[in-house]
Number of protein chains: 2
Amino acid sequence: MVKKTLKQRIVDASVELFQQDGYHNVTVDRIVEYIGASKGGFYHNFKSKDELLYEIHDVFISYVIQQSQDAYDKYNTPITRLCAMLQTLTQVFDMYQAHITIFYEESRSLSDEYSEIIHKKRDHYRDILQKVIAEGQETKVFRTELPCTIVTMAIVGMINWTYKWFKQSGPLTMEQITDVFTDMVLRAIVTEQAMEEAKQFMIKG
Amino acid sequence: MVKKTLKQRIVDASVELFQQDGYHNVTVDRIVEYIGASKGGFYHNFKSKDELLYEIHDVFISYVIQQSQDAYDKYNTPITRLCAMLQTLTQVFDMYQAHITIFYEESRSLSDEYSEIIHKKRDHYRDILQKVIAEGQETKVFRTELPCTIVTMAIVGMINWTYKWFKQSGPLTMEQITDVFTDMVLRAIVTEQAMEEAKQFMIKG
DNA sequence: TTTTACAAACCGACTAGTCGGTATTTACTT
DNA sequence: AAGTAAATACCGACTAGTCGGTTTGTAAAA
């Protein structure tokens, strides 16, 4: 049993509260009251409320980037890499739904200094996926009629949007949803000649 | 040249300012100063800042619902209806990007009374699309292996997410993006036997 | 004369951040 | 091991500023 630091307790509580009520509706007073701490303790650990918001953003996006990169490195064909990334991303979105809600709804609340860092990391995440699509197009595994930037954003949108509607208590698990997404994406972008390889990742019908 | 009412000028200015800086970072003082009006004028036209936010939400979502319903009524097959709805929706998202940004990022700021109304309308919008998918599955035009709720949300996510990244000044127009989306969606969900009908809406390659 | 449409000064509740102080842990000396 | 000084972690009352909303005033329209 490791003793949780005050800092970690503040972050955990804030993630929960921010998700529920939004950054601007959660006061520092409420955060510290929620965990039975004080304002002094808060400002001992954070320069400002802004810095706390940044920390939450950074923990999440850094994790996503690392997971994406791992999925990329672990495989060596566009199709397997894409499937692994879809799998990984939806998994992360399942686990970190609260972080994601904050990430996408409160990023505007970040002050400029922090905003720039986060934006760069967000682009980095997208670039990893886009690279996979582009490489697949080069080897004629993915259809070249589709602009790879649009395909990338279509996939990102499809996945990211889950944070708005996915409920862990809902009728389908995230794994089942991932299978559907994977099927749809592969069918949409894989070329005729490569479809055979993709079949194993698709839903049997 | 119609004289714009103060109310309309307030709405227009607020849409612009809210999109840029977010609801909570835009004060009533700033809005009225932006258009050279006064707080008295503001509160003569709106009960509260909340009501203004609601008005912006409602104008937009009501328009989306009407457009979706029109697209549904205008055609009579699942494929043509789906294509028309994709077309319509992306068009709306092109024109109303500022409204959408507010719609999706500030809906939490709505007070409960307004929030409920907006939520119902949002569900209504989704139901129209889901109905098209379900009907297509019943007539074996769309693949029944895919749960229609997930397909619906995948499409909604793909389209909605455009508000985060689409730039009118970017390399592709919204029409071109729509063509790509339509192609991807049709390829993903149309059955073998119905693919022939869908071909005309897809990108030639 | 009454109502409408706005203007401008004003108010009070709320909140991020401060500051002086106290408890607790660490680091060093003997 | 004991003592102690310094650094670290934390507390909570207070403040300065902000912002939604109100009140009072006024000029034109009806």
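The values are calculated or read from the model by the stated rules, or taken from the named source; none is laboratory data. If you're wondering where the values come from, they're calculated on a predicted model, not measured in any experiment. Glycine gets a Cβ as well: all are built from the backbone with ideal geometry, and neighbour counts include every protein chain shown. Remember, those area values only see protein heavy atoms, side chains included, never the ligands or the DNA or RNA. Shrake-Rupley method; radii C 1.70, N 1.55, O 1.52, S 1.80 Å.
Here the simple spin-label model places points 7 Å from the Cα toward Cβ, and for A:LYS4 and B:LYS47 these points are separated by 4.0 nm. Helix A:49-74 and the longest principal axis of the C-alpha atoms of chain A enclose an angle of approximately 30°.
At a probe radius of 1.4 angstrom, the accessible area of chain B per residue rounds to 47 square angstrom.
Modelled this way, with points 7 Å down the Cα-to-C-beta line, the labels at A:ASP58 and A:LYS164 are 3.0 nm from one another.
Using 0.36 nm per residue, how much length does the chain from B:ASN25 to B:LYS140 gain when fully extended, once their Cα-Cα distance is taken away?
So the extension gain works out to 36.4 nm.
Structural descriptor for chain A: relative contact order 21 percent, calculated from alpha carbon pairs under 8 angstrom and at least 6 residues apart. Per the 1.4 Å probe, what fraction of the accessible area of chain A, in percent, lies on carbon and sulfur atoms? Ligands and nucleic acids excluded, carbon and sulfur give 50 percent. Burial annotation for the range B:72-110: residues with an accessible-area loss of at least 40 Å² between the isolated chain and the complete set of protein chains, computed on heavy atoms with a 1.4 Å probe, are B:TYR104, B:GLU105, B:ARG108. Classify the range B:80-196: rounded, prolate or oblate, from the alpha-carbon gyration tensor (a ≥ b ≥ c, eigenvalue square roots; a/c under 1.5 rounded; otherwise prolate if a/b is larger than b/c)? Taking the square roots of the gyration eigenvalues as a ≥ b ≥ c, the range B:80-196 is oblate. How charged is the neighbourhood of A:TYR104? Take every other residue with its Cβ under 11 Å from the Cβ of A:TYR104, and add Lys/Arg as +1 and Asp/Glu as -1. In short, +1.
The local environment of A:ASP123, defined by Cβ-Cβ distances under 15 Å, has a net charge of +4 under the rule Lys, Arg +1 and Asp, Glu -1. Taking the chain by itself as reference, the range A:5-27 contains these residues with an accessible-area loss of 50 Å² or more in the full protein complex (1.4 Å probe, heavy atoms): A:HIS24. Here the label points at B:MET195 and A:ASP123, each 7 Å from Cα along the C-beta direction, are separated by 3.9 nm in the simple model. Note on surface exposure: B:SER14, B:SER38 rank B:SER38, B:SER14 by accessible area, highest first, 1.4 Å probe. Counting only protein heavy atoms and using a 1.4 Å probe, the accessible area of A:GLU196 comes to about 140 Å².
When only alpha carbons are used to place a centre, the range A:155-175 and the range A:35-107 end up 16 Å from one another.
Excluding same-chain neighbours fewer than eight residues apart, the lysines reachable from A:LYS140 by a Cα-Cα span under 17 Å are A:LYS131, A:LYS199, B:LYS204. Probe radius 1.4 Å, ligands and nucleic acids left out: can you give me the accessible area buried at the B-A interface, summed over both chains, in Å² to the nearest hundred? About 3500 Å² of accessible surface is lost on pairing. Charge tally for A:PHE18 (other residues, Cβ to Cβ under 10 Å; Lys, Arg +1; Asp, Glu -1): -4.
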